[in-house]
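I have placed the structure first, in the form of C-alpha cells, so that the comments after it can refer back to it.
The values are calculated or read from the model by the stated rules, or taken from the named source; none is laboratory data. Nothing here was measured: the structure is a model prediction, and the numbers come from that model. Backbone-built Cβ (ideal geometry, glycine too); neighbour counts: all protein chains shown.
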Amino acid sequence: MKFSSMSEGDIVVELCRRIKEARIQQRLSRVDLAERAGLGIATIKRAELGESITLSSLLCILRGLNSLHQLEGVLFDADVSAFHVQISGEKNAHRCAFARKLRHSRRKPTAQPLR
C-alpha cells in the first residue's frame, strides 16, 4: 500500500486498522495493550477507531505492541543522511574530474606560439 497516493484520512484509517490487527494477532485485549502501553483503555479504543490521540500515545501503543522499531525507517537519521550526501558527493566529484579529463583529451591541440 502506497501512502503517497492516499489522503490523510485514508492513511489514518489504515494505520488504525494496522494497530488493531497487530493487537489481535498478538492475542491482546484492549485492556492488555493498555496495560503494556501504560495508557487508558479509552486511548486504545480511540486509536483503533481513528479518533485523535497524541503522538506520545501512538509511541506508547507501538511500544506496547513491540513495534516501536518499525519507526526506524520513517525518517533518516541526520548522520546517516549526511553520510549518504558525502558518499554521493564524492562519487559526483569523481565523475566530474573524470569528465574534465575526458573533455581535455578530446580537445584538438592548438598551435603554441614559438618563443
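Mind counting the residues in segment 18-40 that are of a type in the set (A, V, I, L, M, F, W, C) and surrounded by fewer than 14 Cβ atoms within 10 Å (Cβ to Cβ)? Full working, then the answer.
Taking segment 18-40 as the starting set, the residues that turn out to be of a type in the set (A, V, I, L, M, F, W, C) are 19, 22, 24, 28, 31, 33-34, 37, 39.
After this cut, where a residue has to be surrounded by fewer than 14 Cβ atoms within 10 Å (Cβ to Cβ) as well, the list is 24, 31.
Number of matching residues: 2.
Of all residues being outside any helix (DSSP H, G or I) and of a type in the set (A, V, I, L, M) in segment 1-46, which is modelled with the lowest pLDDT? Just the residue, please.
Kept after step one, since they are outside any helix (DSSP H, G or I), are these residues of segment 1-46: 1-2, 6-7, 26-29, 38-40.
Okay, now just the ones that are also of a type in the set (A, V, I, L, M), so 1, 6, 28, 39.
Details: 1: 64, 6: 88, 28: 97, 39: 96.
Here the answer is 1.
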message: Restricting to segment 13-40, give me the number of residues that are aliphatic (A, V, I, L, M) and more than 15 Å from residue 59 (Cα to Cα).
response: 4
